[in-house]
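Just so it is clear, none of the values below were taken in a lab; they were calculated from the coordinates. None of these values were measured; they are calculated from a predicted model. Glycine also receives a Cβ, built like all others from the backbone with ideal geometry; neighbour counts cover every protein chain displayed.
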């Protein structure tokens with residue numbers, strides 16, 4: 001059961017856990033279609049990386065689930081994903097087992113909204129870093145309305 005916590009309860013440095021995923025051709029195609037590249041030859045066959053690769057969005061999107069895996073931050077006013085930065089060192093290969101680990105690296109209040117930043121690192125079976133990045137999520141306290149610019 002996922003526990004619900006407040007902004008104050010969340011500690012910077014919290015380990016958000018690790019999970020493992022095998023990059024399958026089906027997984028690649030489901031994401032490749034979302035970036036309008038379902039028929040790109042690197043996703044289907046040979047690539048300069050030694051075989052078919054996965055779009056990096058596969059890892060990036062799966063890492064979004066890390067924040068809600070162990071706990072859920074109370075956001076009576078709702079919440080939204082605000083920003084992502086990603087560094088690709090090597091694309092994941094089809095057939096590869098990839099582990100994705102996350103850590104809460106910062107939290108702050110800006111304009112009466114609660115911001116959480118968590119880092120994710122995706123590694124291959126030998127421990128080599130494939131992709132790393134930071135996601136920023138915003139939680140709105142009760143009675144706070146989101147502004148659209």
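Data overview
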{"item": "Euclidean distance between Cα centres, the range 73-149 to the range 12-36, Å", "result": "13"}
{"item": "Segment residue 20-residue 3, length gained on full extension (0.36 nm per residue, minus Cα span)", "result": "3.9 nm"}
{"item": "Percent breakdown of C-alpha pair distances by 5 Å bin, ordered from the shortest bin, for the chain", "result": "2, 9, 18, 19, 16, 13, 11, 7, 4, 1, 0"}
{"item": "The range 1-113: antiparallel DSSP beta bridges as a percent of all, rounded to 5", "result": "75"}
{"item": "CD proxy at 222 nm, helix term only [per DSSP H run n ≥ 4: -39500 (n - 2.57); per residue of the chain; nearest 500]", "result": "-3500 deg cm²/dmol"}
{"item": "At 1.306 mPa s and 10 °C, Stokes diffusion of the range 29-106 via Kirkwood alpha-carbon radius, µm² per second", "result": "108"}
{"item": "Modelled label reach - residue 70, point 7 Å along Cα→Cβ, the range 92-115 residues with backbone N closer than 20 Å", "result": "99-108, 115"}
{"item": "Computed P(r) (all Cα pairs; the range 64-125; 10 Å bins; percent)", "result": "16, 46, 26, 11, 1"}
{"item": "Rg to Rh, two decimals, where the range 4-57 supplies the alpha carbon set and Rh follows Kirkwood", "result": "1.25"}
{"item": "Mean projected area (nm²) of the alpha-carbon convex hull when the range 90-145 is viewed from all directions", "result": "5.2"}
{"item": "FRET efficiency, 1/(1 + (r/R0)^6) with R0 30 Å, evaluated for residue 12 and residue 124 via beta carbons", "result": "0.60"}
